[in-house]
1. So is Ala301 open to solvent by less than 60 Å² (accessible area, probe 1.4 Å) and either at pLDDT 85 or above or not in a loop (DSSP other than H, G, I, E, B) (or both) or not?
2. Tally up the residues in the range 335-376 that are part of a loop (DSSP other than H, G, I, E, B) and either modelled with pLDDT of 60 or more or within 40 Å of the chain's Cα centre (by Cα) (or both), please.
3. Given Pro313, Pro379, which one is modelled with pLDDT under 90, closer than 20 Å to Pro266 by Cβ and open to solvent by 40 Å² or more (accessible area, probe 1.4 Å)?
4. Restricting to the range 293-315, give me the number of residues that are under 18 Å from Ala350 (Cα atoms) and touching a residue at least 40 places away in the same chain (Cβ under 8 Å).
5. Which one is farthest from Gly95 (Cα to Cα), of the residues in the range 145-179 that are open to solvent by 70 Å² or more (accessible area, probe 1.4 Å) and among the aliphatic types (A, V, I, L, M)?
6. Before we move on, is Asp255 among the charged types (D, E, K, R), open to solvent by 40 Å² or more (accessible area, probe 1.4 Å) and at pLDDT below 85?
7. Which fully enclosed helices (runs of 4 or more DSSP H) of the range 1-91 have 2 or more residues being open to solvent by 40 Å² or more (accessible area, probe 1.4 Å) and at pLDDT 80 or above?
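The values are calculated or read from the model by the stated rules, or taken from the named source; none is laboratory data. What you are looking at is a predicted structure, and each value in this text was computed from that prediction instead of being measured. Positions of Cβ are backbone-derived with ideal geometry, glycine not excepted, and every protein chain shown enters the neighbour counts. The area values use the complete protein model at the heavy-atom level, side chains included, leaving out ligands, DNA and RNA. Shrake-Rupley method; radii C 1.70, N 1.55, O 1.52, S 1.80 Å.
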Amino acid sequence: MSTAVWRRWARNPWVQDTALAVLVLETEWGHLARTGEGVPATGVIAVLAAGLMFLRRRHPVVTVALVGMLDMTNVVLDLYDPPRGAITIALYTVGRHTAPRVAALVLALTVAADLSLRPEQLGAPGAFATLIVLPMAAVAAGHIMRLRRELADRREAEAERARHWAEEEDARERRQAAKDAVWAERRRIARELHDVVAHHVSVINLYMGVARRTIPADPGRAQEALRTGEDTAKRAMAEMRKLLDVLRTDGEAEDDAAEAGAARLPALLAESGNARLDVVGDPVGLPSAVDHAVYRIVQEALTNTRKHGGGAPATVRLTYRAGTVEVEVLDDGEAPPVAGDGGLGLAGMAERVSLCGGELRTGPRPEGGFQVFAAIPLPPADGT
């Protein structure tokens, strides 16, 4: 914890500038103490040079000019030859915080001013390094730090753009997933509406036809057919109302096995009037999705038989095997059914079976009629 606090303090601009001001002041006063030059004006100039360190970030060029003027005052008044600390720091700041052209111009003017003020030092040992190389190194160091900061900022900006892009991509994926879920729900409801409406309307049409034909000869049978058609219409309305409730509440549909499952197949075949049910194997409890799919497959197959097979007799065979349930619907119609419902019937069956991981086969039988066969895998029993 103390290391993190220290780093934050060390990176604080005011702390850094204060440290540089103390360094400049100590350098100037140390020089005066060593040389014994105690003119009061030199102390004032040293304090002013140290104070300019707080101005360097906001006005780097002005800071170089003012520090240079202080140095020039010392030289012109022959007070003392000041150390190079303040001007070196000011030149570093110019390289760090100004454009390269501005920094080069300030460097050239500073070197020219130093050479014009100290012509007698040109032949002294180390004068070249002090008057020319040191200012150039200070500006170059500042420029290098500027480039490093710009590179770090660019990398940070690129990382930020990458994070933003990833967030946008994630948001797009979520929107797409939500859209896919809406379309899946619409397709599911379309299948349910098709199965419910097509089946019940075909049953109602069947019994209305029976009633119409038997009214003159057998009024009692006609009334029974009308009652059956009325009951079928009520069931159709009840099932459609459930689907509409799902749409209104934007909720998930919960399939009720008592109303749309294998247990209700006998009642479904009884409504059809000319179909029989064969159960092979020992019945087992089916998962709700499989149970519902079995019921809807039989319902749609019988609806197609009534619509396209001329009301021919049909046989429904439900076979329970180890790990699989098979449902087969065979009719004896003279011609195979055609896709007169826009393809929703057979397509809906195929989609239901596919969602359960099963296989569906449909097509005309060699001996006549039509076959619908579906094999759906079952999950292993508990403990196996």
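1. yes
2. Number of matching residues: 11.
3. Details: Pro379 fails: closer than 20 Å to Pro266 by Cβ.
Being modelled with pLDDT under 90, closer than 20 Å to Pro266 by Cβ and open to solvent by 40 Å² or more (accessible area, probe 1.4 Å) holds for just one of Pro313, Pro379, which is Pro313.
4. Restricting attention to the range 293-315, the residues satisfying the condition of being under 18 Å from Ala350 (Cα atoms) are 293-305.
Of the ones still in play, those that are also touching a residue at least 40 places away in the same chain (Cβ under 8 Å) are 293-294, 296-297, 299-305.
Within the range 293-315, residues that are under 18 Å from Ala350 (Cα atoms) and touching a residue at least 40 places away in the same chain (Cβ under 8 Å) number 11.
5. Per the criteria, the residue is Leu151.
6. When the stated conditions are applied, Asp255 passes them.
7. 13-35, 40-51, 60-76
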